[in-house]
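K.L.:
One structure is given below, represented as structure tokens, and several questions about it will come after.
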Amino acid sequence: MSTQKNFEEPSYLEYKGKYKGIFSWILSTDHKRIAILYLFSLLTFFATGATLGLLMKLELIAPGKTIMTAQTYNAFFTLHGIIMIFAVVIPGLPAVFGNFLLPIMIGAKDVAFPRLNLLSWYFYVTGVTLVLISQFTGQGPPDTGWTFYAPYSFRTTGNMLPAVFGAFVLGFSSILTGLNFLVTIHRMRAPGMTWLKMPLFPWTLYATGWVQLLATPIIGITLLMIIAERTLHIGFFDPTLGGDPLLYQHLFWTYSHPAVYIMILPAMGAISEIIPTFCHKTIFGYNFIVASSIAIAFVGYFIWGHHMFTSGMSGTAQYVFSLLTFIVAIPSAIKVFNWIATMHKASIDLQTPFYWAVGFLFVFMIGGFSGLILGSLATDIHLHNTHFVVAHFHFIVFGGTGFAFFGAMHYWFPKITGKMYDSRWANTGLIIFFSGFITLYGEMFFLGMKGMPRRYYDYDEIFHTGNIFSSLGAVVMYFGLAVIIINLISSLRNGAKAPSDPWGGKTLEWTIPSPPPVENFEEIPVITKGPYNYK
Amino acid sequence: MYSTTGIEASNYVSTYNTAFYFIAGVSLLLLIGLTITMLYFVFRYNKKKNPVATQIEGNTFLEITWTVIPLVLALVMFSLGWSGWKSTTKPPKDAMNITVVARMWSFLFVYENGKQSPDLIVPVNTPVKINLVSLDVIHSLFIPDFRIKSDIIPGREKFMWFLPEIEGKYKIFCAEYCGLQHSYMHSTVNVMSKDKFKSWYAESAKAVTVAGNASPADIGEAIMRAQGCFACHTPDGTKLIGPSYFNLFGSQQTIIRDGKEMTVTVDPEYIKRCILQPNTDIVKGFPSTVMQSYRSTLSDNDILKIIEYLKTLNDK
Ligand code: HEM
Ligand SMILES: [Cu+2]
Ligand SMILES: [Cu+2]
């Protein structure tokens, strides 16, 4: 299975192109090198965001001032939110693993538009740089939260314009990636790879691509409207100029809710790859998993109003949005059932990526179930904007997307780097991380039920005990993260050489050497069988 | 005194509980069931115990079952949430009307007879309808023990209503981020017996209640406390988002008027203008759109008392 063929071509890591040193990376149009660029920038931003998160938790360990002022806290959760959403989880799996693996998994030599691909990385870095500039210039860092709600975002003296413009530029990066993937999937599948022979990770990237392409322009326009309002005083959203704050919320969530699916769909795709590989078994209900991805992407457009149940929409809008929110839970549930069914009568090889997948399923279910509680009108009216919501979305985006990202990292690490990692340390890190995660965010559900609002620098004594637990959980989780990352980095030096198919996977990336050669395939494969064929 | 669980402090507690316990209960059962199934598979079908996997492509009957059952459960959950919420939109005709004026970072409750209070004082077992007015940004009136919240949106007419069912004091929080002091924007609902409420309500329609022998300066301070001035100004020289009152009266202040910088003496005329038209003269180095006019809640007489109080803050 893992006999390494002797390819003429050097691997993408060794290949000497036109440029040298750092330029051979930042000017490369190879989808694999671009993926690595994204990986490193993304991990840097993630570390920044996670550190801000930890500092916030330390502030919240006791009521009153602990380590920072209210102004700093408000700036921190704003920057934390912007970085985590726009710079980490939205690009997340598509930009890193999608870029690296999509062409390989469908048997292509690159994406459809390699230069556009590189451009989107530049947009990405520029966008984040603008957000960071806003922290250090003007009258002080932005303090609106990542949602930039009007009219507060017009009242604050914080330096809004660069941050908003940064988010705008990040949107373009996302649109370009989506467009690129759509065209790649439509035009560049290997001969014989019909739609229903395509692996599930590319399928979710396909569904995500449409969401990126169709939803992101809405936030782009909205952010431009904020800029126009702030500089030219055109009254779109600010009531003192004759605008409507609710219009802002509608526009914002029309994008930002589908954006949640940009974050989670590729994560589901990665999990759908990991599970069959380690089960040595074809995936259960392939067609239903494909259909549910498309259903999620489609219905996901029409439920943004569930972020606004207390803002005073019309009664009809309230219950239609609530009903659709319950409907969109069904396709996600179908996926969970199929994943678990895949484990039935399997022959499971208990390796690190599989543990991540199991962890993913557990936290994703908790995130999803808490979403039902928030989608229900009577309960949301109490829980909206409390720590319950903070717990819910960390379980979904950090638990869901984050666990899948780490799972994918441990799954494809041998392929990408050509090195194996130490599984004992990887598993230890996972256990520490998992316990910290559950303590940190699990407790927040109870804080929210008791009534602790979010974005609270200081809180009533009744919330103290819960916050102590939650903050200690953050410290444990941070420690687990460090173990995981350090283990992977040290494997780059000390890891054993990876065979081309260390896990017994069946999709195309496991048929080529690790790390892959520059052109991926010596000869484009001809596909005759489904993607998870273990017969 | 603040209860956070159990008691049915308002009409929404029981409907909230029905929806919450049903959804959370079903979810918990499913979570436990699915997790145990998954872990069982992981132990039963690991490589050692089951060296060869059985290839199963799927099963349409199962797919239909696990689509339909969750769908039915979801619809039940939806309808419980919906029916619990419906009543929030229909206040009883005989509800007592109170207006809340929210601004950065205080709530002020204004009653039909003109009475004002920073706390929400209501009689037990009487439906209360609160008209929601914000003078600056979006705030949200949240009473956890009543299981209700509603955003207060500037420029938009909105209300919320509830029926307080048990006497006692309950916390109010602001639940929409509104800037620097958001987490300090809180208040209390005080649910009184009907008799007690009646006598409180009938007391002269003064903005604040102070001891009978209070000096004008004391009354001024109490008014400012009730109106929330101290969220932005301090009496002791510390700079918050607004300038401190310390040594303010009679001093020379650099201000910006119509974009031009000038110096004025802080006299009663200037202070009155600052309170009623805060965006005319902007103190140099401070933001212009933060303080909102108090025209609707302060009378000339109140302002005179505020000025008396400010005079006491000069060191002699
Ligand atoms: C690494 C550890 C992390 C910690 C310790 C952490 C902690 C926190 C804390 C304390 C808050 C503020 C809660 C409040 O006061 O309302 C917060 C908000 C938030 N977090 Fe995290 N978080 C972490 C990771 C993440 C990740 C991976 C994401 C990815 C999506 C994320 C997304 C957000 C968002 C969107 C907000 C809301 C910001 C806002 O209110 O504007 N966080 N987080
Ligand atoms: Cu507020
Ligand atoms: Cu607030």
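K.L.:
Quick test of your reading of the structure: A:GLY107 fulfils all but one of (1) closer than 20 Å to A:GLY220 by Cβ; (2) in contact (Cβ under 8 Å) with a residue 40 or more places away in the chain. Name the failing condition by number.
P.N.:
(1)
K.L.:
Can you tell me which residue in the range A:4-19 is nearest to A:TRP510 (Cα to Cα), limited to those that are surrounded by fewer than 12 Cβ atoms within 10 Å (Cβ to Cβ) and at pLDDT below 80?
P.N.:
Per the stated criteria, the residue is A:LYS5.
K.L.:
If you don't mind, another one. Go through (1) part of a helix (DSSP H, G or I); (2) over 26 Å from the mean Cα position of the chain (by Cα); (3) surrounded by fewer than 18 Cβ atoms within 10 Å (Cβ to Cβ) for A:GLY504 and report which single condition fails.
P.N.:
(1)
K.L.:
Now a separate question. Mind listing whichever residues of the range B:43-54 are within 7 Å of another protein chain (Cβ to nearest Cβ) and exposed (fewer than 15 other Cβ atoms within 10 Å of the Cβ)?
P.N.:
At the first step, the residues of the range B:43-54 found to be within 7 Å of another protein chain (Cβ to nearest Cβ) are B:45-47, B:50-54.
B:PRO51, B:VAL52, B:THR54 - these are the residues of the range B:43-54 that are within 7 Å of another protein chain (Cβ to nearest Cβ) and exposed (fewer than 15 other Cβ atoms within 10 Å of the Cβ).
Residues checked against (1) over 24 Å from the mean Cα position of the chain (by Cα); (2) within 16 Å of ligand 1 (Cβ to nearest atom):
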site	(1), (2)
A:SER134	no, yes
A:SER153	yes, yes
A:VAL164	no, yes
A:ALA167	no, yes
A:SER174	no, yes
A:LEU179	no, no
A:MET188	yes, no
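K.L.:
Right, here's the next one. Which residues, counting only those in the range B:99-133, are within 29 Å of A:ALA150 (Cβ to Cβ) and touching a Lys or Arg at 6+ places or on another chain (Cβ under 7 Å)?
P.N.:
B:LEU132 - this is the single residue of the range B:99-133 that is within 29 Å of A:ALA150 (Cβ to Cβ) and touching a Lys or Arg at 6+ places or on another chain (Cβ under 7 Å).
Listed here are the residues, each with its yes/no results for (1) under 30 Å from B:PHE286 (Cα atoms); (2) crowded, with 24+ Cβ neighbours inside 10 Å.
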{"residue": "A:TYR149", "(1), (2)": "yes, no"}
{"residue": "A:THR157", "(1), (2)": "yes, no"}
{"residue": "A:VAL169", "(1), (2)": "no, no"}
{"residue": "A:ILE175", "(1), (2)": "no, no"}
{"residue": "A:VAL183", "(1), (2)": "no, no"}
{"residue": "A:ARG189", "(1), (2)": "no, no"}
{"residue": "A:PRO199", "(1), (2)": "no, yes"}
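K.L.:
Looking at (1) over 25 Å from A:TYR248 (Cα atoms); (2) surrounded by 19 or more Cβ atoms within 10 Å (Cβ to Cβ); (3) within 16 Å of ligand 3 (Cβ to nearest atom), which is the only condition B:PRO118 fails?
P.N.:
The number of the failed condition is (2).
K.L.:
B:ASP136: part of a loop (DSSP other than H, G, I, E, B) and crowded, with 20+ Cβ neighbours inside 10 Å, yes or no?
P.N.:
For B:ASP136, the condition - part of a loop (DSSP other than H, G, I, E, B) and crowded, with 20+ Cβ neighbours inside 10 Å - is met.
K.L.:
Further question: Residues in the range B:111-118: is at least one in a helix (DSSP H, G or I), over 26 Å from A:TYR286 (Cα atoms) and modelled with pLDDT under 90? Let's see the steps before the verdict.
P.N.:
Taking the range B:111-118 first, the residues in a helix (DSSP H, G or I) are none.
The answer is no, given that none of the residues of the range B:111-118 is in a helix (DSSP H, G or I), over 26 Å from A:TYR286 (Cα atoms) and modelled with pLDDT under 90.
K.L.:
Consider A:PHE463 against the criteria (1) within 17 Å of A:LEU60 (Cβ to Cβ); (2) not in a helix (DSSP H, G or I): it satisfies all of them except one. Which criterion is unmet?
P.N.:
(2)
K.L.:
Looking only at the range A:380-414, count every residue that is charged (D, E, K, R) and either within 24 Å of A:ILE486 (Cβ to Cβ) or near ligand 1 (Cβ under 10 Å from one of its atoms) (or both) and tell me the total.
P.N.:
Number of matching residues: 0.
K.L.:
Exactly one condition in (1) more than 30 Å from A:GLU519 (Cβ to Cβ); (2) touching a residue at least 40 places away in the same chain (Cβ under 8 Å) is false for A:ALA95; which is it?
P.N.:
(1)
K.L.:
Find all pairs meeting these conditions: Cβ atoms under 9 angstrom apart; at least six residues apart or on different chains; first residue within the range B:60-83 and facing chain A (nearest Cβ under 7 Å) and of a type in the set (Phe, Trp, Tyr); second residue surrounded by 13 or more Cβ atoms within 10 Å (Cβ to Cβ) and not in a helix (DSSP H, G or I).
P.N.:
B:PHE78/A:SER376; B:TRP82/A:SER376
K.L.:
Also: Looking at A:THR316, A:THR277, A:THR282, which one is at pLDDT 90 or above, surrounded by fewer than 24 Cβ atoms within 10 Å (Cβ to Cβ) and on the phi < 0 side of the Ramachandran plot?
P.N.:
None of the others qualify; the one that does is A:THR282.
K.L.:
Among the candidates A:ILE227, A:ILE218, A:ILE175, single out the residue that is in a helix (DSSP H, G or I), in contact (Cβ under 8 Å) with a residue 40 or more places away in the chain, hydrophobic (A, V, I, L, M, F, W, C) and closer than 30 Å to B:GLY155 by Cβ.
P.N.:
Exactly one residue qualifies, and that residue is A:ILE227.
K.L.:
If only one of A:GLY107, A:GLY145, A:GLY166 is of a type outside the set (Asp, Glu), over 30 Å from A:ILE512 (Cβ atoms) and part of a loop (DSSP other than H, G, I, E, B), which one is it?
P.N.:
Of the residues listed, the single one that is of a type outside the set (Asp, Glu), over 30 Å from A:ILE512 (Cβ atoms) and part of a loop (DSSP other than H, G, I, E, B) is A:GLY145.
K.L.:
Contact list please: Cβ distance under 7 Å, first residue in the range A:474-486 and touching a residue at least 12 places away in the same chain (Cβ under 8 Å) and away from chain B (no Cβ under 14 Å), second residue among the hydroxyl-bearing types (Ser, Thr, Tyr) and more than 16 Å from ligand 2 (Cβ to nearest atom), pairs at least six apart or on different chains.
P.N.:
These pairs meet every condition: A:VAL476/A:SER435; A:VAL476/A:THR439; A:VAL483/A:THR428.
K.L.:
Filter the range B:1-42 down to residues that are touching a residue at least 60 places away in the same chain (Cβ under 8 Å) and among the small types (Gly, Ala, Ser) and give me whichever is nearest to the other protein chains (Cβ to nearest Cβ).
P.N.:
Looking at residues that are touching a residue at least 60 places away in the same chain (Cβ under 8 Å) and among the small types (Gly, Ala, Ser), I get B:ALA19.
K.L.:
Moving to a separate point now. Filter the range A:72-124 for residues that are more than 20 Å from the chain's Cα centre (by Cα), polar (S, T, N, Q) and within 16 Å of ligand 3 (Cβ to nearest atom) and give the result.
P.N.:
A:ASN74
K.L.:
Say we look at the range B:139-160 and pick out the residues that are of a type in the set (Gly, Ala, Ser) and either more than 9 Å from every other protein chain (Cβ to nearest Cβ) or under 19 Å from B:THR89 (Cβ atoms) (or both); which of these is surrounded by the fewest Cβ atoms within 10 Å (Cβ to Cβ)?
P.N.:
Restricting attention to the range B:139-160, the residues satisfying the condition of being of a type in the set (Gly, Ala, Ser) are B:140, B:150, B:155.
With the extra rule that they be either more than 9 Å from every other protein chain (Cβ to nearest Cβ) or under 19 Å from B:THR89 (Cβ atoms) (or both), the set shrinks to B:140, B:150.
Details: B:SER140: 24, B:SER150: 27.
Out of the qualifying residues, it is B:SER140.
K.L.:
Continuing with the same structure: Just checking, which of A:LEU350, A:LEU361 is among the hydrophobic types (A, V, I, L, M, F, W, C), facing chain B (nearest Cβ under 7 Å), over 20 Å from B:VAL72 (Cβ atoms) and not in a helix (DSSP H, G or I)?
P.N.:
Being among the hydrophobic types (A, V, I, L, M, F, W, C), facing chain B (nearest Cβ under 7 Å), over 20 Å from B:VAL72 (Cβ atoms) and not in a helix (DSSP H, G or I) holds for just one of A:LEU350, A:LEU361, which is A:LEU350.
The values are calculated or read from the model by the stated rules, or taken from the named source; none is laboratory data. This one's a predicted model, so the numbers in the text were calculated from it and none came from an experiment. Neighbour counts are summed over all protein chains in view; Cβ atoms, including those assigned to glycine, are modelled from backbone coordinates with ideal geometry.
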